[in-house]
Amino acid sequence: MNLRDCHNFHDFRRLAERRLPGPIFNYIDGAADDEVTYRRNTKAFEDCDLVPNVLRGVEQVDLSVEVMGQKLALPVYCSPTALQRLFHHQGERAVAAAAAKYGTMFGVSSLGTVSLEELRKAHDTPQVYQFYFHRDRGLNRAMMQRAKDAGVQVMMLTVDSITGGNRERDLRTGFSIPFRLTLAGMLQFAIKPRWGLEYITHERFKLPQLDEHIDMSGGALSIGRYFTEMLDPSMNWDDVAEMVRSWNGQFCLKGIVSADDARRAAEIGCTGIVISNHGGRQLDGSRASFDQLAEIVDAVGDRIDVLMDGGVQRGSHVLKALSVGAKAVGLGRYYLYPLAAAGQAGVERALGMMRTEIERDMKLMGCTSVSQLSRDNLRFR
Ligand SMILES: Cc1cc2nc3c(=O)[nH]c(=O)nc-3n(C[C@H](O)[C@H](O)[C@H](O)COP(=O)(O)O)c2cc1C
């Protein structure tokens, strides 16, 4: 099986599983506890049906949207994810280049493995910088200033990860940064020598968003300890309101699930929110993003941009979310498996497939622009 045999999300997932050592594949593929939310994220789309209109003259379709002041050629963007150079040696460079090719937004994680400055210089398409709230307020200010200096357009504060999720697949394999593999985990690396060869023959692994501020050298601080010791579980709305004021630009909260929180985000001056449960990786049993979308759009959709992510595998999923009222939809594992499978060529193929599916489905729905999609096009079961 190779790239040409990949025609959908599931094909890419299978190819990624073949290429990656088990502990790394399971870090991407896994979620929290019993992975109920993870499964429900995608299932939720099946409880809603599209109702197409025909004979509407749909030769040309415009897929562009505007979110948080950014013009995107596609209504999907690459949501920020950690550690991409572990999945493929090209890492964030591949994802950013593919997103730029398709004219869409790319999220840089504060646990990213390529610096936000390098990525900002390499492409002029919109870039979001995702960060966490640290106990050290000086560190928070320094990280925001650094993003401002780099020319980042949108700040994205992740609010669903004040402590790490219970990822049992990682406990079993011993996956952590730095690696602390179990014997079974080590054996799984041994049977994928090609990954190991690529890993050691490319630039040394680092976390440039953090390295400048926190000593993580030589494994001084693991990512697990970063979450438990450096992040601030006492973070509250006043703290975030102060951040929003000091950023004084496009600012969104990622990881909103309740309509009340969405209202508070609007009140403190956020310009967007992402309805997200972190791909089911944090609070298992949390409601699926798509299930919460209508309620939140009704609560704040006229004041701020409502985005969503979680479980999106098809163009038709994107159409359903847009029809309910999402301004754009974030992709996570949808581009991570292609990255692992084939680097930039993989991500480009996946985004190309997504564009083709959205365009085809828009035509079949009888819509020539995203603004024509509405709840009239949907029925919930
Ligand atoms: C391997 C992996 C790493 C992630 N790293 C981050 C991160 O560093 N920061 C963040 O806010 N979200 C992170 N996420 C969550 C994604 O941004 C996104 O919310 C989620 O993947 C969407 O669900 P999906 O994978 O089903 O599309 C990560 C997700 C995965 C799968």
Among the listed residues Asp302, Asp211, Asp261, which satisfies the condition of being among the charged types (D, E, K, R) and in contact with a strand residue (DSSP E or B) (Cβ under 9 Å, 6 or more places away or on another chain)?
Asp261
Checked segment 305-325 for anything without any contact (Cβ under 8 Å) to a residue 60 or more places away in the chain and open to solvent by 10 Å² or more (accessible area, probe 1.4 Å); matches are Gly325
Can you report the number of residues in segment 326-342 which are open to solvent by 10 Å² or more (accessible area, probe 1.4 Å), under 13 Å from the mean Cα position of the chain (by Cα) and away from the ligand (no atom under 12 Å from the Cβ)?
0
Is there a residue being in contact with a His (Cβ under 7 Å, 6 or more places away or on another chain), crowded, with 19+ Cβ neighbours inside 10 Å and more than 23 Å from Gly310 (Cβ to Cβ) anywhere in segment 108-122?
no
Using the structure shown, decide if Leu139 is out of contact with any Asp or Glu (no Cβ under 9 Å at 6 or more places or on another chain), away from the ligand (no atom under 16 Å from the Cβ), assigned to a loop (DSSP other than H, G, I, E, B) and not basic (Lys, Arg).
no
Return the total of residues in segment 117-156 being closer than 21 Å to Val67 by Cβ and either among the charged types (D, E, K, R) or within 16 Å of the chain's Cα centre (by Cα) (or both).
12
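Would you call Val128 hydrophobic (A, V, I, L, M, F, W, C), in contact (Cβ under 8 Å) with a residue 12 or more places away in the chain, under 20 Å from Asn248 (Cβ atoms) and within 13 Å of the ligand (Cβ to nearest atom)?
Yes.
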Residue under question is Ile273, and the condition is that it be open to solvent by less than 20 Å² (accessible area, probe 1.4 Å), within 18 Å of Ile162 (Cβ to Cβ) and of a type in the set (Val, Ile, Thr); does it hold?
yes
Condition (residue is within 16 Å of the ligand (Cβ to nearest atom) and within 22 Å of the chain's Cα centre (by Cα)) applied to segment 294-301: is it met by at least one residue?
yes
Test: residue in segment 343-356 that is free of Cβ contacts under 8 Å to residues at least 60 places away in the same chain, on the phi < 0 side of the Ramachandran plot and open to solvent by less than 20 Å² (accessible area, probe 1.4 Å):
no
Just name the residue that is surrounded by the fewest Cβ atoms within 10 Å (Cβ to Cβ) out of those in segment 17-43 that are of a type in the set (Gly, Ala, Ser) and within 11 Å of the ligand (Cβ to nearest atom).
Gly30
Quick check on my filter: what residues within segment 263-288 are in a helix (DSSP H, G or I) and under 19 Å from the mean Cα position of the chain (by Cα)?
His278, Gly279, Gly280
Of the conditions (1) modelled with pLDDT of 90 or more; (2) out of contact with any Gly (no Cβ under 6 Å at 6 or more places or on another chain); (3) not hydrophobic (A, V, I, L, M, F, W, C), Gln250 fails just one. Which one is it?
(2)
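The values are calculated or read from the model by the stated rules, or taken from the named source; none is laboratory data. Since this is a predicted model, take the numbers as computed values, not measurements. Cβ: placed from backbone, ideal geometry, glycine included. Neighbour counts: every protein chain shown. SASA here: full protein model, heavy atoms, side chains in, ligands and nucleic acids out. Shrake-Rupley method; radii C 1.70, N 1.55, O 1.52, S 1.80 Å.
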